[in-house]
Each structure stands twice: as C-alpha cells, then as structure tokens.
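Below is one structure; the comments refer to it alone.
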Amino acid sequence: MTGSRVEVRRGTYHDSVTLMQVSRQAEELPGVEAAAAVAATPVNLELLARQGFAVDPAGLGPSDLVLCVRAADDAAAGQAMEQVEALLAGAGQGGTGGGAGGGPGVAPPRSLRAAARRDPGLNLAVLSVPGRHLGYEIAEALQAGLHVFCFSDGLDPATEAACKRVAAERGLLLMGPDCGTAIIDGVGLGFANAVRRGPVGVVGASGTGIQEVTCLLDAAGVGISHAVGVGGRDLSPEVGGIMTLRALELLAADDATERLVVISKPPDPGVARRVADAAAATGKPAVLAFPGLSDPPPLPPGVRFAGSLEAAAAWAVGSPAAEGAPEPHLPAPSPPEGDGSPAAETVVPVVHSPPAVTPGVIRGLFSGGTLCYEAMAVVAGVVGRVASNIPLRPEWRLADLHRSEGHTFVDFGDDAMTEGRAHPMIDPGLRNERFRREAADPATGVVLLDVVLGYGAHPDPAGELGPLIDRALAERPVGLSVVVSLCGAAGDPQGLDGQAAALREAGALVTRSSAQAARLALAAAGLGAPIAPGGSGGHAGGRR
Amino acid sequence: MSGLLGRPLKVVNAGVELFAGELERQQAEVARVEWRPPADGAGEALERLATRAAETAAANDRAVVAMQAAEPRVVGIGRAGDLLPGLDERTLLHAGPPIDWDGMCGPLRGAIIGAAVHEGIAADPEEAARLAGRGGLRFGPCHERGAVGPMAGVVSASMPVWVVEDGASGNRAFCTLNEGLGKVLRYGAYDAEVLDRLAWMRDVLARVLTAALERLPEPLDLRALIAQALQMGDEGHNRNRAGTSLLLRALLPALLTVEEPTADVVAAAEFISGNDHFFLNLAMAAGKATADAAAGTAGSSIVTAMARNGTEFGVRLAGTGDRWFTGPAGVVDGLYLPGFGPEDANRDIGDSTITETIGIGGMAMAAAPAIVRFVGGSPEDAVAATLAMYDITWAESSSYQLPTLGFRGTPLGIDAREVVHSGVLPTVNTGIAHKDPGVGQVGAGLVEPPMEAFVAATRALADSPTA
C-alpha cells in the first residue's frame, strides 16, 4: 500500500535547475518511489500525471511550485515530503554572495544594478530568469552599462528589437534573448565547448549551431577567436540582425579573427542580404551558414554560402584565407563530391554505413534546435515529409508534441518544452521518457539522438543515455538502430572519448556531426541515403 | 590585451546557479545576483516600465538633482491657520494618507480629540469625540498642505509651526514644534498636562523662539545642521540628540539677548534641553521641503513621500503627482519601555518617514551606532542596513555623509521600481505609540513598509503617460 503526497505552493520561485536537482535527490531518499519538485507549467503537470500524480491545473501557473512524493506507505510519504522541503530549503544557498563593495553581513545584491554598483568592474551579465521578467532585467543591465548574454527566451520580437537598438546605441552586445552559446575571450557562456582558440570568428543566431561548428573545427585542429551568440530571432525581419551586424563589426576590428562564420536558421531574406553585405564589409573572408535556406542571398565578393553547418565548418577549416598557411591536421580522409564546399567531409570522422539495416521510420529526438534542423533537412531531402515541432514547412508541424507521425523529429529545447523546466541538455528526463516510447514502437527503425557535451551540459549524458540505449536495443535486437550525433570537444569536462566509447558500448552508432548522423540514420533505415555530404541538406525546405 | 569587449571579462550571473559555477570552472570571475521574481503584482508593470527605462532614468536624474539642490532653511515660526492652505478652525490635519474618523486608530483619535479641545471646538474630550463621530470636523493629511507631523501628526489652526524654505526652489514646508517624550498629543494623549503644554508652546515657546530666530544673522541652515548631526551619531529620525544640541548652540546667543521675560526664556531653554527629539520636527520639515523639490517630476519612479496614519502606510512618487498608494501600516518590531510589550503597540504611524524619504533616518542607520539595538544589535548590522539601501536608491547624497562608510553620501532617492524588483524595502525606524488614546509612547524600533504600496505605485507609474 503506497502513499503519496502532493503539495502546491503558490508564488514560490526556485530556478529550474535547482528544482531538477532537488527532484533527483528526493528520488534517491530511502523508501521514496517517485518524487518531483516542479513549476506548475502545463508540460510539467502532464508529466506528473503520467507519473501518477494528479494535480488540478486550474489556477496554477509557472510561478507556482508543486511538490510530489510517493513512498511505501502514508507515513513514509509524509516523512519524504518533509525531506523534500528540507532539500528545497537547503538549495539555492550555493552562491558565495555578491561582488566587492559589501562587507560582513551585507546581503548579496538582488539586482544587476546593485551588483554593478557594488563592483564597477563587472561588464557582462549572464541572464537565465523566467522569460516573463526578462525585459526589466535586460533594460537594467544595459542601463548599468553591462553587455548581456541572455539564455532565457520570452521577449516579443518588437521589444527585443527595441532592446537591441538601445544596446547598439550604447556600444553594448545584447546576446539573446534565446541565446544558448557564446565564447568570449575563451570563456564559454551558457552551453559551450572547451574548444581551442584560433583564427575563426563565429557569429551565431543558434546556440547548438555554434557548438556544432566550433566542435567540428576543433576536431579538425582549428580554433576560434570568439563566438558571439545573438539569439534565435536576431535575423528575423523585426529584429533585422542588429546584433549580428554589431558582432561583425567587433570581429572585423579584432586582430585575432582572420575569417568569419555566420550561423542562423533560415533568416529573413532582406536581413540575410544586409548580413552578407556586412560580412563583406569586414574585409575578412566569410561564410554564411543558413541550414534549410533554399535560396541563398546575393553574395558580395569574399562571402560564401553554406546550406549546412558541416559545409560551413569545412570551409572555415580549408578557407582560402588559410591558403599558404600550413594545412590543418585533418582527422578524416574522405574527399568531397563536388558540391561547391571544399573539403566538406574532411572535418567529420565518417561512419560510412551502418552495420545492419533496420527498416522503419526515423525518430529524431534532439536537445539542440539547429542540430535537429540540420539533420531534419538531410532526412527530408530523401524522404520528403518530416513531422516536427520545429518543422521545415508549416504543414509538417506535429499536431501533438507528444505523438509522432511517420518520420518525426522533436526539438526538446523548444520553448513549449522548456517552460518551467531545465533545458534538455541539463535535464534529459523528458527526452529519456520519449526515447523509451519511440524505441519500443515497432514502426520505428531508427532513433536519432544528439548528445551535446560542454560547459553547462549534463555531467555525464552517456551514463544517462547508455543504459536506455542498451535496454532498447536488447528488446529489439534486429528491428532498431540508434544513431547518436555527438557534439563535443576534446577538452570538454565530460570527456569526449569516454562519452563516445560509452555510447558505442551501449550499441549506438556515434558520429561527430548532425548531418552525418542523419545520413547514417537514413542508411540504417534502409532509405537509400546518398552518403553525399554537405550542402545537400540545404534544399529541403521553406521557412517556418 | 583587452579582449573582445574592450575590458577583461567580468561576469555577473542572474538566474541559474549552474551557469555561474561553469564560468568559475573556466577561471572566469563571477559575481552573483540573488535573483527572485518581483513582488506579487509588479512583474507586468516592470516589463512595461522597461520599455521606457531611459526616460525614467532621465526623470529620476532630474528628481534627484532637485533633492540634492534643496537648501532647507528655517525662516521663522508662524500660526498654522495663517500659513497652511485651507486650515480653518474646524479642520484638523493628521499624519499619513487620508483617513476618516471611523478608520482612525486609537492614538490618532486621541490626538484629534486633544486638538479639538485645544482649539476650543469642543469643551471636553467626550464632546470632541461626539463631534468627530457625527462629521462635525474636517480632516486632511498634513502632506497635502505642505506640512508634516510626527506620530499622529495632528495640526490645528492655532498651533505654531516651523516655516522651512528651500532656498533653491522656494518651496515651503511646515511642521509643528516637538512636545517632548512620554504623554504627548502626538502619541494620542490629551489630558490636562498635555493641553497645558500645548497652550504654553503656543503662547510662550513660539514667541521666545520667534524672537530668537529674528536675531539670527541669517536663517538657520538645516542642511548644514543635519549634515553635522549625522557625523555626531544622529540618523535624524530616532536619534536627534546631536541635532537638538546643535540647534540650541545656534540659538543660544540670540536667546540670551531676546527681549522676553527671563522666566519664559529659561523655560524655553529648559524645554529644548530636556527633549532629545526637539530637532526631529525640523529635520522633518527639511525632509518635506527637500522631497517636494522632486515632487511632480513626470515619469520619475523616485519616492517623494512615505507616511503613515496608524492604519495605512502611504507612498507617493515624483512621477504620479499627488496620488497616494497605500497598504496596511506595519507592526513595529522594537524595544519597549518597562511595563509595555508588543500587545500594547499601535500600528506604525507618523509622517516622520519623510526622513527616510530623503535618505536619513533608518536609511542612514550606519551613522547612529548608539541606537543600533533597533536594527539587531551591532554596529555591523547598522552598516549592513544602510549598505542594503544603496541597492534601492538612485543616488548618494552630496550633503549628508556617513563617516563609518568612509564619508560616503547617504542613500538618496528611493526607486519604487527597485523596491518591488528586488524585494528590498526601505529601512524605517520609528517610535511606537500605545494603541489606546491618551497613553503615549511605549517604545521604538524598526518597521517594514507594506510592499503592496510600492507595487501599486509602480503600476500607476507604468500606467502614466510617457513624457
């Protein structure tokens, strides 16, 4: 006879990572069968319902907290709830308090303005607060003269544009909202990999796009000067690329930067033209990587177009600017097949063919939006329709996030999936649950996953995913393949080689690039993938 | 090597702790904001205000410049009914936001009763209460007549008031003369002793002081007096010993030469010498003149009044004109006189929070180690209390300095947005009145203003048209 307890606390804030950690610790308490401490968002409440916790959603919202425990009996559940409360009370005391200017007994600053006043040396704010409070935080940071890296999402495009104009007027960078990754002066912000420093400057409206390109470059022995994130909507018509243009100016003036890569999901055509012109104006060779864009903008001299991240990385490795310099040491041999992007495959350690074919549909479960996009474009180029929550074409949108339709790719980092919970690169819970379902579905021939390493990400994603893959393959030994696109750098804290080995040991086919993983998935599903690399992904789709 | 951003990277993290930890793992320097969502009901207003942050900043700069420029000076003492607009014989002013008889707390009712008898409107306390109860008296906040009053803050037409003028803006502010501690009208006492004293203050004290003030070579500079007092252990609200001493010193030569009966002069000197808080009412008038210099600055989120009537705590902003935003007055957490305890206390009351409004009083606790027991016991606590106030204020005073903080200016210009954003409330210290009329002061301590007043003010500012 088990007992459960559910408690709702209205207006109680803890950040999503803290809640995830408390939930995890609570589940490990003796006698506890299930436990959760979550913000009362629709996604979370649905997840609780599936765990058998009934919570009436009426009147609850993201600023309310739900605590649930299930234990052996009622008394144990009561005890467990007390322990959960104790864990919660103890959480959030990790910080060591504010900067200088305080003194004994002085409370840590509660605002960016206060922090900046206490320590005038501060120059960059890293923001990860609930999206509905972002506008004020950004305004305050800019007012205080701080550059901003804004991981959170939640501003409407008009407000974002206004904030970015203010930032530009003040000579400040506003990286985001919805900026997953940046590497400034060698320091990774948000989700970023420990890649080497070098001559390539990156500007990206996509966090995982930056991660993929910088990791592919790192694998090829080429480093980056800086990677400036600008947020997922920077190249939208409303925002007009304000920060991309500003970042290009900064990189133009940066002596360490010799050539440039600009990354975005398909941008507004007018904005793309402006970005192309600005890239040309830097006087440094540049490539625009817009995976999924069918018609590249007119390209001024010195600027190239790549329809995939892979192709962009390949260009940046073997760029004309690098001619005369010693050839970078390339880890993979296979030659490109003349799609205009030089040395396309050279940056990718290639797995050319799967050991066995497991026919069926492909289910892509991604934590990185642009990785999902890049892979999806490759698959759609062969099979046509791919259903997704970030579809290549509007009519391919999934009706229900939680139910696949044929070839289906889900981005678990998308807004609707992350409100009130940690990003899937930190908290793989939602994706793990979906993986189990998809792998068990007899219609599924291949599950395609991304695993993203680096600062900010889960400390051991392979340790988390490996047993799940192992079990899934054991249950369908001849019916299922699992392909993993492993995005990481040799210096990452998780250990690239160890992660790859653990995933392979579990039975996954592991590649270093998302496009290559997609080609491998097609082959494994028996869908006659052209193992042609690079730009092929570029012709699949329209704009969402 | 300055890096991409022109200076070496130095990060402040607001939100998920993980990101701060990961930066430290990369040997980056990281400060942390202890981020919490804004106060209930304020989030949406802050988002709207964010879209005009630059305008608000400019307005706040103007408001604070006006406060910095204020030069409050004592220009004399006059009869309230002659100086305060609309203060006729049947009108009594009180502390805090507007309130009617039914809503008034015990001490405020007691003071109203006492003042009605003092004015001769009623023959005795019973008649005064009856008159008030059937609408025979008119009430209004001091603040709406350019005045401030401590505790109950009751001002009636015949009472003498300090006349303080801001030399920069020409604003005038008024405050009654301080009656001393214990059984006094401002704490709701109205027996014969209280009424006799009020009559003496009107007939003798005001006359002697007026004569002395007239003999001064120039008007008393309150800004200078307050600045000195802050460096002598006062904070200007609950400790006024230095201010009172400095005032008496300034008046002494004049008092010795006034052409008034010696017995009256001696009585006046004894009265002031025996009342550590005599200077409080001058500090309050100075505060009112200073805060009013910022009042009416369109778009500004700076607080220009905090005042309590014993039932409600009211706030006004520079950018929202004469409107009051209120919440329930708090219960004072403090030290009690022997024989009294929290069960005897009335809720927070008085206009004396005008001192905090201009950055002294509780905001400047670091100046007053002698009374740190109000804030937790140690001088370190007092310093911490003041340091926390810089987080919610717009500027630092160019006139008032804190020796213990290396002569840093006092925190000036409470920004209502930052109060609701950070959850940090202005530190207010105050006297405690007995809840029943007629008893008087029973203690002193710290009180929390109600957050909802600041939330309502912030929302109103967000609703106000942009400049």
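The values are calculated or read from the model by the stated rules, or taken from the named source; none is laboratory data. None of these values were measured; they are calculated from a predicted model. Note: ideal-geometry Cβ built from the backbone for every residue, glycine included; neighbour counts use all protein chains shown.
Here are some notes:
- Selected residue (criterion: nearest to the chain's Cα centre (by Cα)) from residues of segment B:84-134 that are in a loop (DSSP other than H, G, I, E, B) and among the acidic types (Asp, Glu): B:Asp100
- Filtered by the rule that a residue be over 18 Å from the mean Cα position of the chain (by Cα) and among the small types (Gly, Ala, Ser), segment B:144-179 gives B:Ser156, B:Ala157, B:Ser158, B:Gly167, B:Ala168, B:Ser169, B:Gly170.
- Scanning segment A:118-176 for residues that are in a strand (DSSP E or B), facing chain B (nearest Cβ under 7 Å) and of a type in the set (Phe, Trp, Tyr) returns no hits.
- When B:Ala370, B:Ala460 are checked against the criterion of being away from chain A (no Cβ under 11 Å), within 20 Å of B:Arg241 (Cβ to Cβ), among the hydrophobic types (A, V, I, L, M, F, W, C) and more than 19 Å from the chain's Cα centre (by Cα), a single residue qualifies: B:Ala370.
- Every residue from segment A:143-180 that is hydrophobic (A, V, I, L, M, F, W, C) and without any contact (Cβ under 8 Å) to a residue 40 or more places away in the chain: A:Ala144, A:Leu146, A:Val148, A:Phe151, A:Leu155, A:Ala162, A:Cys163, A:Val166, A:Leu172
- Checking each residue in segment A:433-459 for being out of contact with any strand residue (DSSP E or B) (no Cβ under 8 Å at 6 or more places or on another chain) and closer than 15 Å to A:Val361 by Cβ picks out A:Arg437, A:Ala440, A:Pro442.
- The conditions of being over 17 Å from B:Gly106 (Cβ atoms), within 17 Å of the chain's Cα centre (by Cα) and among the polar types (S, T, N, Q) are not met by B:Thr311.
- Residue within segment B:5-16 that is farther than 30 Å from A:His458 by Cβ and either basic (Lys, Arg) or touching a residue at least 40 places away in the same chain (Cβ under 8 Å) (or both) present: yes
- Condition met for A:Gly209 (touching a Phe, Trp or Tyr at 6+ places or on another chain (Cβ under 7 Å) and under 24 Å from A:Ser367 (Cα atoms)): no
- Count of residues meeting criterion [within 22 Å of A:Cys372 (Cβ to Cβ) and among the small types (Gly, Ala, Ser)] in segment A:262-289: 3
- Selection from segment B:221-237 of residues that are touching a residue at least 40 places away in the same chain (Cβ under 8 Å) and either among the polar types (S, T, N, Q) or surrounded by fewer than 21 Cβ atoms within 10 Å (Cβ to Cβ) (or both): B:Asp221, B:Arg223, B:Ala227, B:Gln231, B:Gly233
- Looking only at segment A:177-192, residues that are assigned to a strand (DSSP E or B) and crowded, with 23+ Cβ neighbours inside 10 Å come to 8 in all.
- When A:Ala313 is tested against (1) surrounded by fewer than 21 Cβ atoms within 10 Å (Cβ to Cβ); (2) in contact with a Cys (Cβ under 9 Å, 6 or more places away or on another chain), just one condition goes unmet, and that condition is (1).
- Contacts under 6 angstrom Cβ, first residue in segment B:419-441 being within 22 Å of B:Leu280 (Cα to Cα), partner surrounded by fewer than 24 Cβ atoms within 10 Å (Cβ to Cβ) and of a type in the set (Ser, Thr, Tyr), 6 or more apart: none
- Here the condition is being within 27 Å of B:Val424 (Cα to Cα), buried (at least 18 other Cβ atoms within 10 Å of the Cβ) and either modelled with pLDDT of 95 or more or within 14 Å of chain A (Cβ to nearest Cβ) (or both); of B:Ala80, B:Ala66, B:Ala132, it holds for B:Ala66 alone.
- Segments classed as helices (runs of 4 or more DSSP H), wholly inside segment B:14-83, with at least 2 members that are under 29 Å from the mean Cα position of the chain (by Cα): B:43-50, B:53-69, B:80-83
- Whether a residue is more than 9 Å from chain B (Cβ to nearest Cβ), crowded, with 24+ Cβ neighbours inside 10 Å and not in a helix (DSSP H, G or I) was assessed, and A:Val195 passes this test.
- Cβ pairs under 6 Å, 6+ apart, first in segment A:369-386 and surrounded by fewer than 24 Cβ atoms within 10 Å (Cβ to Cβ), second among the polar types (S, T, N, Q): A:Gly381/A:Ser536
- Candidates A:Gly528, A:Gly535, A:Gly498, A:Gly542 - the one that is part of a helix (DSSP H, G or I) and either modelled with pLDDT under 90 or of a type in the set (Ser, Thr, Tyr) (or both): A:Gly535
- Positions within segment B:147-183 being surrounded by fewer than 24 Cβ atoms within 10 Å (Cβ to Cβ) and under 20 Å from B:Leu108 (Cβ atoms), in sequence order: B:Ala157, B:Ser158, B:Leu177, B:Gly180, B:Leu181, B:Gly182, B:Lys183
- Hits in segment A:246-275 (condition: closer than 21 Å to A:Glu169 by Cβ, surrounded by fewer than 21 Cβ atoms within 10 Å (Cβ to Cβ) and more than 14 Å from every other protein chain (Cβ to nearest Cβ)): A:Arg274
- Check on B:Val75, touching a residue at least 12 places away in the same chain (Cβ under 8 Å), more than 14 Å from chain A (Cβ to nearest Cβ), surrounded by fewer than 16 Cβ atoms within 10 Å (Cβ to Cβ) and at negative phi: yes
- A:Leu235 vs. criteria assigned by TED's automatic domain parsing to the domain that holds A:Gly302 and in contact (Cβ under 8 Å) with a residue 60 or more places away in the chain: no
- Among all positions in segment B:202-211, there is no residue which is under 28 Å from B:Ala111 (Cα atoms), surrounded by 18 or more Cβ atoms within 10 Å (Cβ to Cβ) and among the acidic types (Asp, Glu).
- Qualifying residue in segment A:30-43 (condition: in contact (Cβ under 8 Å) with a residue 12 or more places away in the chain, within 22 Å of A:His423 (Cβ to Cβ) and in a helix (DSSP H, G or I)): yes
- 1 or more residues acidic (Asp, Glu): qualifying strands (runs of 3 or more DSSP E) within segment B:365-467: B:393-402
- Of all residues in segment B:430-451, at least one satisfies being more than 22 Å from the chain's Cα centre (by Cα), among the β-branched types (Val, Ile, Thr) and buried (at least 18 other Cβ atoms within 10 Å of the Cβ).
- Any hit, segment B:17-29, residues being at the interface with chain A (Cβ under 9 Å from one of its Cβ atoms) and farther than 26 Å from A:Leu172 by Cα: no
- For segment B:35-55, the criterion of being closer than 28 Å to B:Tyr400 by Cα, among the hydroxyl-bearing types (Ser, Thr, Tyr) and either more than 14 Å from chain A (Cβ to nearest Cβ) or out of contact with any Pro (no Cβ under 9 Å at 6 or more places or on another chain) (or both) is met by no residue.
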